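These notes are about the structure you will find just below.
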Amino acid sequence: MECNFQSLSEIGFMQSFWETDQLSIIDFSIVGGGILGLFTAYELSLKYPKARIAIFERDLFAAGATSRNAGFACFGSVTEIAADRKQWGDSKTLEIVNKRWKGIQRIQSLLGDKINYENYGGYELFIDKPILQQDLDEINSYLNPVFQEIVFKQQPEKIKEFGFSANTQSLVFNPFEGQIHSGKLILALHELLRAKNVHFFANSEVTSYEDGSPIEFIINNKHKVQTEKLIFCTNAFPPINQLQIKPARGQVLITKPIPNLKLRGCFHFQEGYYYFRNVDNRILFGGGRHLDIHGETDTRFLLNELIQKDLIEKLNTIIAPSHMPDIEQQWSGIMAFTDNKLPMIKYIGKHVIYAMNCNGMGISLSPITAQEITELL
Ligand SMILES: Cc1cc2nc3c(=O)[nH]c(=O)nc-3n(C[C@H](O)[C@H](O)[C@H](O)COP(=O)(O)OP(=O)(O)OC[C@H]3O[C@@H](n4cnc5c(N)ncnc54)[C@H](O)[C@@H]3O)c2cc1C
């Protein structure tokens, strides 16, 4: 397989005895310090309490999607689940919704008090046409094996209460979704891992590797490391091209604090193409990738003017027409997709794994994907 990195023989760096000694005793090396890499290290530390586990992150801490996302702990809106059923079929979709729901519960029980977990629930706005009650009944009975109670309910009275545009046709609520502080999530996981003696090497980019027993890999084109197992949790930055992972940049903005903001919760509209939530008294709003799919298939953290303008326009006309809030910050983050949009855990060498959650719901899925990776090791 063609590797994206420089070959090991091209690297000339004189390492000391001490460095070599300490860098040749790692059992599990995880590349990527996003939520998936962190949870994978945690699961491995539970399964192998005596193993030496290290995470190598090329940035200060996670710098792809985990530190730049919207912080929804979600499992899919009515229209997203309908779209997934069409693409993957009923049983695969249910399996993934079930994993997301289990992942949400795992995050809540393990870290809830440290990451501002708020149980406000999730909502979907229907702007152009109302949702039919019979469609909600059908999806509720489809989801019953996972939740064992009614998931989606109409809440028309909240349209006015939350201050949405009077043109909003329906508002559907589910009580199972929550929201988190993504920065605190990363630091809380770091704290958990420190207690398990997992090493976190920041500013450490894996620039090449060679499969074998042990595997050898190079950090920052300088330091040689030896390890028994190498696990890439690098999402939109795969180590080999053949995996055909597509980067998917997402645009986000956050407003300044809004006096008397009433809305609380995680909100979706247009099949999840747009999503927003409150962060205390601010509104965080993201999405709109469908407006420039080609331009947003990119790994650079750039702002897309067309999409950012569209977000501001929708913020002022649909979400908060009576507030017209000022914008405090705008940014982008990088997701990853496979062709069928399904998660992937794959051996790409005898002792080398690449894993990714896929799509925009990696928060809820990561704890479970991490368990699945650990089962393979
Ligand atoms: C704008 C946006 C909004 C989102 N909103 C939500 C949401 O509300 N809810 C939700 O569930 N999901 C959301 N997501 C998706 C979610 O954030 C991701 O699915 C999840 O964070 C992926 O985690 P990860 O650990 O797999 O990847 P990442 O967080 O991307 O981590 C991969 C890490 O690998 C590192 N890396 C890459 N190459 C190397 C290398 N060679 N050596 C060392 N390190 C390397 C990168 O620096 C990065 O830190 C959103 C994503 C974006 C972009």
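The values are calculated or read from the model by the stated rules, or taken from the named source; none is laboratory data. Just so we're clear, the structure is a prediction, and the values are computed from it rather than from any experiment. Backbone-built Cβ (ideal geometry, glycine too); neighbour counts: all protein chains shown.
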Just wondering, is there one or more residues in the stretch 227-236 that are surrounded by fewer than 19 Cβ atoms within 10 Å (Cβ to Cβ) and away from the ligand (no atom under 11 Å from the Cβ)?
yes
Residue under question is residue 86, and the condition is that it be assigned to a loop (DSSP other than H, G, I, E, B) and either more than 10 Å from the ligand (Cβ to nearest atom) or buried (at least 22 other Cβ atoms within 10 Å of the Cβ) (or both); does it hold?
no
Inside the stretch 12-36, the number of residues satisfying the requirement of being within 14 Å of the ligand (Cβ to nearest atom) and either at pLDDT below 95 or charged (D, E, K, R) (or both) is 0
Is there any pair with a first residue in the stretch 172-199 that is touching a residue at least 60 places away in the same chain (Cβ under 8 Å) and away from the ligand (no atom under 12 Å from the Cβ) and a second that is in a loop (DSSP other than H, G, I, E, B) and charged (D, E, K, R) whose Cβ atoms are under 9 Å apart and which are 6 or more apart or on different chains, and what are they?
197/52; 198/52; 199/52
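Against the condition within 12 Å of the ligand (Cβ to nearest atom), surrounded by fewer than 21 Cβ atoms within 10 Å (Cβ to Cβ) and either closer than 28 Å to residue 51 by Cβ or under 18 Å from the mean Cα position of the chain (by Cα) (or both), how does residue 220 come out, does it pass?
Yes: the conditions hold for residue 220.
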The lone condition residue 324 fails out of (1) within 16 Å of the ligand (Cβ to nearest atom); (2) of a type in the set (A, V, I, L, M); (3) at pLDDT below 95 is (1)
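Does at least one position in the stretch 246-255 carry a residue that is more than 12 Å from the ligand (Cβ to nearest atom), surrounded by 21 or more Cβ atoms within 10 Å (Cβ to Cβ), assigned by TED's automatic domain parsing to the domain that holds residue 288 and on the phi < 0 side of the Ramachandran plot?
yes
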Within the stretch 339-369, take every residue that is more than 9 Å from the ligand (Cβ to nearest atom) and under 16 Å from residue 64 (Cβ atoms) and give me the one that is surrounded by the fewest Cβ atoms within 10 Å (Cβ to Cβ).
344
Within the bounds of the stretch 23-30, is there any residue that is more than 25 Å from residue 237 (Cα to Cα) and either part of a helix (DSSP H, G or I) or among the basic types (Lys, Arg) (or both)?
no
Surrounded by fewer than 16 Cβ atoms within 10 Å (Cβ to Cβ), in a helix (DSSP H, G or I) and modelled with pLDDT of 95 or more: does that describe residue 144?
yes
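Kindly indicate the residue of the stretch 201-217 that is among the aliphatic types (A, V, I, L, M) and within 10 Å of the ligand (Cβ to nearest atom) and also surrounded by the most Cβ atoms within 10 Å (Cβ to Cβ) among those meeting that condition.
206
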In the stretch 256-271, which residues are more than 8 Å from the ligand (Cβ to nearest atom), closer than 21 Å to residue 360 by Cα and either in contact with a Lys or Arg (Cβ under 6 Å, 6 or more places away or on another chain) or part of a strand (DSSP E or B) (or both)?
267, 268, 269
In the stretch 327-338, residues that are away from the ligand (no atom under 14 Å from the Cβ) and hydrophobic (A, V, I, L, M, F, W, C) total 1
Complete set of residues in the stretch 55-73 that are more than 6 Å from the ligand (Cβ to nearest atom), in a loop (DSSP other than H, G, I, E, B) and not polar (S, T, N, Q):
60, 61
